[in-house]
Amino acid sequence: EQKALALSNYLFGTGGVYEPTEEEREEYYEELYCRVQIITILHVDFVLDANGERVFDRTSGKYLFEKKTDAQMAVQNEKEAELVSKLYDGIDETAFLQLLAAYNNDSSAKNYPSGYYFAKGGDYREYIEQIPEAALAMDVGTVVRVESEYGVHFLLRLAPDEGAYAAEENADFFSDFY
């Protein structure tokens, strides 16, 4: 894997033999990547380390969690029903972000104000596998509901942001972007 990355950087990296133009980078991005905003209603409480970060178990490939109590789940189910009544295909990003602020209870969303970016053929072993699959299959402007062992996720597929691959706030999603 390191050899492949070194070769890729040699050929296509900054100052590389075949350094792509900005237009080629934008075209590559628009062809292979999608952008989504996600509202998550958690059905679990994640186990946190001493720094308040989620604990990831490399053996199972999953984040450690504890199920919510029946009383907590009743609140989450009520919250989900209310949210569903307000979502629709064609909702604009501003309205979706207002719902995200009101209903989302996944703290990681604050780290990605422009949304989440997924690429065709990307490696998402440390991510909820159903989300990238659904995101890549969606049309811009549509909303889908995705269930996982962690809860329920509502995705809004957005048009790509020009040059998103170069923005520091998106670095987590474009670490291997050419």
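The values are calculated or read from the model by the stated rules, or taken from the named source; none is laboratory data. Computed from a prediction, not measured in an experiment: that's the story for all the values here. FYI the Cβ positions are ideal-geometry reconstructions off the backbone, even for glycines, and counts take in every protein chain you see. For accessibility, only protein heavy atoms count, side chains too; no ligands or nucleic acids. Shrake-Rupley method; radii C 1.70, N 1.55, O 1.52, S 1.80 Å.
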All positions within the stretch 19-72 that are part of a strand (DSSP E or B) and of a type in the set (Phe, Trp, Tyr):
Tyr33, Phe46, Phe56, Tyr63, Phe65
The residue that is nearest to the chain's Cα centre (by Cα), considering only those in the stretch 73-113 that are without any contact (Cβ under 8 Å) to a residue 40 or more places away in the chain and assigned to a loop (DSSP other than H, G, I, E, B), is Asp92
Could you tell me which of the residues Tyr103, Tyr116 is open to solvent by less than 30 Å² (accessible area, probe 1.4 Å) and at pLDDT below 95?
Tyr116
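How about the stretch 67-83: which of its residues are acidic (Asp, Glu) and within 13 Å of Gly151 (Cβ to Cβ)? Steps first, answer last, please.
Quick first cut of the stretch 67-83, residues acidic (Asp, Glu) only: 70, 78, 80, 82.
Passing the criteria: only Glu80.
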Part of a loop (DSSP other than H, G, I, E, B), out of contact with any His (no Cβ under 6 Å at 6 or more places or on another chain), at negative phi and of a type in the set (A, V, I, L, M): is that true of Leu156 in this structure?
no
For the subset of the stretch 53-72 comprising residues that are in contact (Cβ under 8 Å) with a residue 12 or more places away in the chain and open to solvent by 80 Å² or more (accessible area, probe 1.4 Å), which member is nearest to the chain's Cα centre (by Cα)?
Lys62
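I'd like the residue in the stretch 32-52 that is aliphatic (A, V, I, L, M) and open to solvent by 20 Å² or more (accessible area, probe 1.4 Å) and, out of all such residues, is modelled with the lowest pLDDT.
Step one: of the stretch 32-52, the residues aliphatic (A, V, I, L, M) are 32, 36, 38-39, 41-42, 44, 47-48, 50.
When the remaining residues are screened for being open to solvent by 20 Å² or more (accessible area, probe 1.4 Å), the result is 32, 47-48, 50.
Values: Leu32: 87, Val47: 94, Leu48: 94, Ala50: 96.
Across the stretch 32-52, the extreme among qualifying residues is Leu32.
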Tell me the residue from Glu126, Glu162, Glu169 that is modelled with pLDDT under 90, surrounded by fewer than 16 Cβ atoms within 10 Å (Cβ to Cβ), outside any helix (DSSP H, G or I) and in contact with a Phe, Trp or Tyr (Cβ under 8 Å, 6 or more places away or on another chain), please.
Glu126
Within the stretch 134-161, track down each residue that is of a type in the set (D, E, K, R) and either within 11 Å of the chain's Cα centre (by Cα) or under 16 Å from Ile39 (Cβ atoms) (or both).
Arg145, Glu147, Arg157
